[in-house]
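Here the structure is laid out as structure tokens; the discussion comes afterwards.
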Amino acid sequence: FYGCKSLKEINIPTQLESVGYYAFYGCLAISEIALPDTVVEILDGAFRGCTSLTDIGLSERLQIISPFVFDGCTRLASVVIPEDVKEIGSSAFGGCGALKAISLPSTVESIGADAFAFCTALEEITFPASVNTFGSRVFISCDRLTSVSILSTTKPATADDMFSGLPNECTVYVPSGLLSVYASEYPGVHFEALS
């Protein structure tokens, strides 16, 4: 279905386990998709550039959101990530300019580079204690972001430029025992202790 610009609706078969690479890339007219609970993975760029997509129902068995899956889905306003997801790939939600809310489950372990880059409507995000790895520039050009909470009591592996492009008015909340660790590693970022 790559580049089917006029495709407005599709019924996904209930036995599907994987949405393939760039399967719906550039399907400009699709506004909603419901994935059956048989789907365990969405491969790179599957819904990239679906600029009319406003509603995505994700499979409860989904484990990986691969790189660029929703990149450029400019009308996608909210996403609930299912409980089994362990990895959010690079630029998975890059350029989702309408994304205001995203709920991450307690199973997520890895956040890829640019995962939420250019999510210009995103105001706050909480990363569960399960997250142990952050890539580069996770929040670059998230212009309205005012609050980031990182719940892990052990400092995750973080890229040197993880906070690159974070707005000056954004506060990053971390466990009190890690406050000095984060502050010394990222001196230009405003950190506060989680309450």
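Summary table below
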read-out: Flag if residue 172 is open to solvent by less than 70 Å² (accessible area, probe 1.4 Å), within 21 Å of residue 118 (Cβ to Cβ) and more than 19 Å from the chain's Cα centre (by Cα); value: no
read-out: Condition met for residue 191 (without any contact (Cβ under 8 Å) to a residue 24 or more places away in the chain and surrounded by 15 or more Cβ atoms within 10 Å (Cβ to Cβ)); value: yes
read-out: Where a residue in segment 3-29 is free of Cβ contacts under 8 Å to residues at least 40 places away in the same chain and its partner, wherever it lies, is outside any loop (DSSP other than H, G, I, E, B), with Cβ under 6 Å and at least six apart; value: 18/41; 19/42
read-out: Subset of segment 48-80 [over 25 Å from residue 124 (Cβ atoms), buried (at least 19 other Cβ atoms within 10 Å of the Cβ) and at pLDDT below 95]; value: 59
read-out: Only listed residue being among the small types (Gly, Ala, Ser) and either within 19 Å of residue 186 (Cβ to Cβ) or modelled with pLDDT of 95 or more (or both), chosen from 152, 103; value: 152
read-out: Count - residues of segment 140-169 that are open to solvent by 20 Å² or more (accessible area, probe 1.4 Å), part of a loop (DSSP other than H, G, I, E, B), among the small types (Gly, Ala, Ser) and touching a strand residue (DSSP E or B) at 6+ places or on another chain (Cβ under 8 Å); value: 1
read-out: Residue check for residue 102: outside any loop (DSSP other than H, G, I, E, B), open to solvent by 10 Å² or more (accessible area, probe 1.4 Å), under 30 Å from residue 153 (Cβ atoms) and touching a strand residue (DSSP E or B) at 6+ places or on another chain (Cβ under 8 Å); value: yes
read-out: Unique residue being within 19 Å of residue 157 (Cβ to Cβ) and part of a loop (DSSP other than H, G, I, E, B) when the list is 47, 93, 116, 68; value: 116
read-out: Test: residue in segment 20-32 that is open to solvent by less than 20 Å² (accessible area, probe 1.4 Å) and in a strand (DSSP E or B); value: no
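The values are calculated or read from the model by the stated rules, or taken from the named source; none is laboratory data. Values in this document were obtained by computation on a predicted structure and should not be read as measured data. In this analysis, Cβ positions are derived from the backbone assuming ideal geometry, glycine residues included, and neighbour counts consider all displayed protein chains. Keep in mind that these areas ignore ligands, DNA and RNA; they rest on the heavy atoms of the full protein, side chains included. Shrake-Rupley method; radii C 1.70, N 1.55, O 1.52, S 1.80 Å.
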